[in-house]
Amino acid sequence: MRPSDNFFTIIGFIKLRRGRAWRKQGAALLALVFIFCFQAAGGVVNAARISFDRVPPIISQAQPSGKIYYADTAISCVTNEKSICRYDFADVDYSLMKKVMSSMDGGLKHIQNLNLPRVGDYAGYIRCRDEAGNTTAQSVKVEFSYELPKLPEGALKISESMPAGKIYQDDIVLTLATNVAADCRYSLLDADYSLMSDGFLTDDGLSHFATVELGDYGDYVYHVRCKNRNDNTGANVSAKIEFEYIEVGKEGTPQVALKHGVRVACIKYFNDDANGECFGRNDCVCDLDCVNGEDDVDCANAVAAEGGAQSNWLWAVAGILSLAALIFVVFVISEFKRMNQADMDMV
């Protein structure tokens with residue numbers, strides 16, 4: 001000890017050993033040292049507390065885990081001391097984790113909201129650092145699976161929504177089916193059922209249709225919402241009807257008009273206003289029902305191909321008849337000449 005401006009500098013060495021109590025608390029290298037300074041006469045001048053922290057925080061209760069059914073969830077954990085926690089979907093060092101979790105309860109609880117982009121399996125990694133700068137050596141892994149919730153038996157479902165793909169008519173029919181009796185509405189804007197003013201017509205509550213007149217050529221998305229007639233909760237199910245309205249003759253499509261703006265199966269019927277048959281004319285109508293779900297383009301191509309085939313067949317028949325007539329004429333002329341020559345020989 002040496003005096004300096006009425007103060008003394010005291011230097012000492014303390015050997016830290018693991019104690020049973022420290023191990024029990026998980027603080028293997030944490031020590032508390034109390035220093036007391038006395039005057040020469042024996043009175044206490046001051047007391048100081050010095051802590052030595054070399055222990056990283058302990059992370060527990062990491063969430064989420066198992067299966068979750070909503071895209072909006074949160075990643076969270078608890079630490080045994082005040083800390084700042086970070087997370088990432090790659091197991092990297094604490095300093096490389098850019099996503100910092102919000103802390104509460106004096107820095108002991110940590111949470112951050114997540115919006116999952118897709119259905120599937122996820123693995124997140126959490127690391128924390130305490131006030132003394134100690135960082136967890138190993139990350140804590142959170143594993144979970146995002147799945148869509150399963151509808152209960154008998155829940156309202158929408159299916160067979162039409163049209164889809166490419167269509168060529170401005171007057172179309174929107175159609176869909178429900179598995180239970182329901183009332184359905186539609187709109188070009190995604191709105192709540194109560195805000196949609198246009199409704200589908202239905203006889204049995206299961207098959208629904210609505211006539212729509214399109215405007216400009218291009219992509220269309222009709223938003224559909226249906227409500228179970230036997231459900232008084234006001235809950236509704238949504239769906240989309242998406243298609244592209246194309247001008248006939250554009251993008252290499254054949255000059256064939258379609259009777260319905262729906263996908264068709266090309267069971268080939270050809271007709272015009274005259275006699276119910278069509279021979280390669282480009283004003284023929286594809287008069288088909290929606291059976292197997294082939295595109296309108298397929299139907300139009302089939303119409304053109306069938307019409308062309310019929311036209312080629314007619315030309316082939318005409319060519320054969322013309323050739324036969326020519327052969328017959330040549331034969332008649334040659335016979336006539338032979339008979340004349342025979343008569344001259346007789347003379």
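Summary table
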item	result
Residues (farther than 20 Å from P117 by Cα, of a type outside the set (S, T, N, Q) and open to solvent by less than 60 Å² (accessible area, probe 1.4 Å)) located in the stretch 67-85	C77, V78, E81, C85
Flag for G249 being out of contact with any strand residue (DSSP E or B) (no Cβ under 8 Å at 6 or more places or on another chain) and modelled with pLDDT under 95	yes
Residue list for the stretch 73-99, filter: over 17 Å from I58 (Cα atoms) and among the hydrophobic types (A, V, I, L, M, F, W, C)	A74, F89, A90, V92, L96, M97
Among residues of the stretch 67-79, those that are at pLDDT 95 or above and more than 15 Å from K141 (Cβ to Cβ), counted	2
For A74: the one exception among (1) part of a loop (DSSP other than H, G, I, E, B); (2) in contact (Cβ under 8 Å) with a residue 12 or more places away in the chain; (3) small (G, A, S)	(1)
Count of residues meeting criterion [more than 14 Å from S238 (Cβ to Cβ) and of a type in the set (A, V, I, L, M, F, W, C)] in the stretch 144-187	10
Flag for R263 being surrounded by 15 or more Cβ atoms within 10 Å (Cβ to Cβ) and modelled with pLDDT of 85 or more	no
Whichever residue in the stretch 183-212 is among the aliphatic types (A, V, I, L, M) and under 16 Å from A164 (Cα atoms) and, among such residues, is most open to solvent (accessible area, probe 1.4 Å)	L188
Pair list, Cβ < 7 Å and 6+ apart or interchain, from the stretch 42-66 residues that are surrounded by 10 or more Cβ atoms within 10 Å (Cβ to Cβ) and at pLDDT 60 or above to residues that are hydroxyl-bearing (S, T, Y) and not in a strand (DSSP E or B)	P56/T136; P57/T136; I59/T136
Within the stretch 213-240, considering residues that are of a type in the set (A, V, I, L, M) and surrounded by fewer than 17 Cβ atoms within 10 Å (Cβ to Cβ), the one nearest to Y168 (Cα to Cα)	L214
Cross-chain or 6+ apart pairs with Cβ under 9 Å, the stretch 186-199 first and more than 8 Å from R225 (Cβ to Cβ) and free of Cβ contacts under 8 Å to residues at least 40 places away in the same chain, then of a type in the set (A, V, I, L, M) and part of a loop (DSSP other than H, G, I, E, B)	S187/M196; L189/M196; L195/L189
Residues located in the stretch 100-118, provided they are open to solvent by 80 Å² or more (accessible area, probe 1.4 Å) and either of a type in the set (A, V, I, L, M, F, W, C) or assigned to a strand (DSSP E or B) (or both)	M104, K109, N113, N115
Strands (runs of 3 or more DSSP E) enclosed by the stretch 153-232 - at least 1 residues per element that are on the phi > 0 side of the Ramachandran plot and not polar (S, T, N, Q)	158-162, 165-167, 218-228
Residue pairs meeting the criteria (Cβ under 9 Å; at least 6 apart or on separate chains; first closer than 22 Å to C184 by Cβ, in the stretch 213-224; second assigned to a loop (DSSP other than H, G, I, E, B) and at pLDDT 95 or above)	V224/F200
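The values are calculated or read from the model by the stated rules, or taken from the named source; none is laboratory data. It should be emphasised that the depicted structure is a prediction, and the values quoted were computed from it without experimental measurement. Cβ: placed from backbone, ideal geometry, glycine included. Neighbour counts: every protein chain shown. Accessible surface areas use protein heavy atoms only, side chains included; no ligands, DNA or RNA. Shrake-Rupley method; radii C 1.70, N 1.55, O 1.52, S 1.80 Å.
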